[in-house]
Amino acid sequence: PATATDTATLTDAQMVAGLIVATPTAAAEYTMRTGTQLLAALPTDIAAGDAFDMTITNLGGTGDDITLTASTDITIVGDPVVGPIADVATEQSSVGTFRLRYVTGVTFVAYRVG
């Protein structure tokens, strides 16, 4: 799996790897690539409606939420916050799965599916 720690812009490799194991040391924001950048990292035969999943597993401590942030030409539908494993008893799951669906041009929609 890909890895990440504190606030950063995700790389193409992290986004298309399918799994990001995160260990933030404080609340963090992970900004997605732009639609143009993401499209360039995907196979050239991508068609409207094609999708891939990106799962973030948050192994952080109490209060170390990760907020997935949209970028140009990418829209997030659903809760963008992935809580840490330390808070799983009182908050949401420590795993967030987002299905990134290619729409057209350089546009994607990231749906929270888990």
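The values are calculated or read from the model by the stated rules, or taken from the named source; none is laboratory data. What you are looking at is a predicted structure, and each value in this text was computed from that prediction instead of being measured. Here the Cβ is made from the backbone with ideal geometry for all residues, glycine too, and neighbour counts use every protein chain on show. Surface accessibility is based on the protein's heavy atoms, side chains included, excluding ligands, DNA and RNA. Shrake-Rupley method; radii C 1.70, N 1.55, O 1.52, S 1.80 Å.
When you check Ile46 against the structure, is it in a strand (DSSP E or B) and among the β-branched types (Val, Ile, Thr), yes or no?
no
Restricting attention to region 71-90, report how many residues are more than 20 Å from Phe52 (Cα to Cα) and either among the small types (Gly, Ala, Ser) or free of Cβ contacts under 8 Å to residues at least 12 places away in the same chain (or both).
So the answer is 5.
Somewhere in region 50-58, is a residue hydroxyl-bearing (Ser, Thr, Tyr), closer than 20 Å to Arg112 by Cα and not in a helix (DSSP H, G or I)?
The answer is yes, given that some residue of region 50-58 is hydroxyl-bearing (Ser, Thr, Tyr), closer than 20 Å to Arg112 by Cα and not in a helix (DSSP H, G or I).
Checking the conditions here, which among Ala13, Ala40, Ala27, Ala48 is open to solvent by 40 Å² or more (accessible area, probe 1.4 Å), closer than 15 Å to Val109 by Cβ and out of contact with any Leu (no Cβ under 9 Å at 6 or more places or on another chain)?
Ala48 is the lone residue from the list that is open to solvent by 40 Å² or more (accessible area, probe 1.4 Å), closer than 15 Å to Val109 by Cβ and out of contact with any Leu (no Cβ under 9 Å at 6 or more places or on another chain).
Hey, among the residues in region 57-67 that are surrounded by 13 or more Cβ atoms within 10 Å (Cβ to Cβ) and out of contact with any Ser or Thr (no Cβ under 8 Å at 6 or more places or on another chain), which one's farthest from Gly105 (Cα to Cα)?
Per the stated criteria, the residue is Gly63.
Out of the residues in region 85-105 that are in a loop (DSSP other than H, G, I, E, B) and open to solvent by 50 Å² or more (accessible area, probe 1.4 Å), which is modelled with the highest pLDDT?
Residues of region 85-105 that are in a loop (DSSP other than H, G, I, E, B), as a first pass: 88-94, 105.
Among the residues that remain, those that are also open to solvent by 50 Å² or more (accessible area, probe 1.4 Å) are: 88-93.
Details: Val88: 71, Ala89: 72, Thr90: 72, Glu91: 70, Gln92: 69, Ser93: 78.
So the residue we want is Ser93.
Quick check, is Val82 farther than 18 Å from Asp12 by Cα, at pLDDT 95 or above and either surrounded by fewer than 13 Cβ atoms within 10 Å (Cβ to Cβ) or touching a strand residue (DSSP E or B) at 6+ places or on another chain (Cβ under 8 Å) (or both)?
Judged against the criteria, Val82 is a match.
Would you check which residues across region 1-10 are part of a loop (DSSP other than H, G, I, E, B) and crowded, with 17+ Cβ neighbours inside 10 Å and list them?
Scanning region 1-10 gives a single hit, Leu10.
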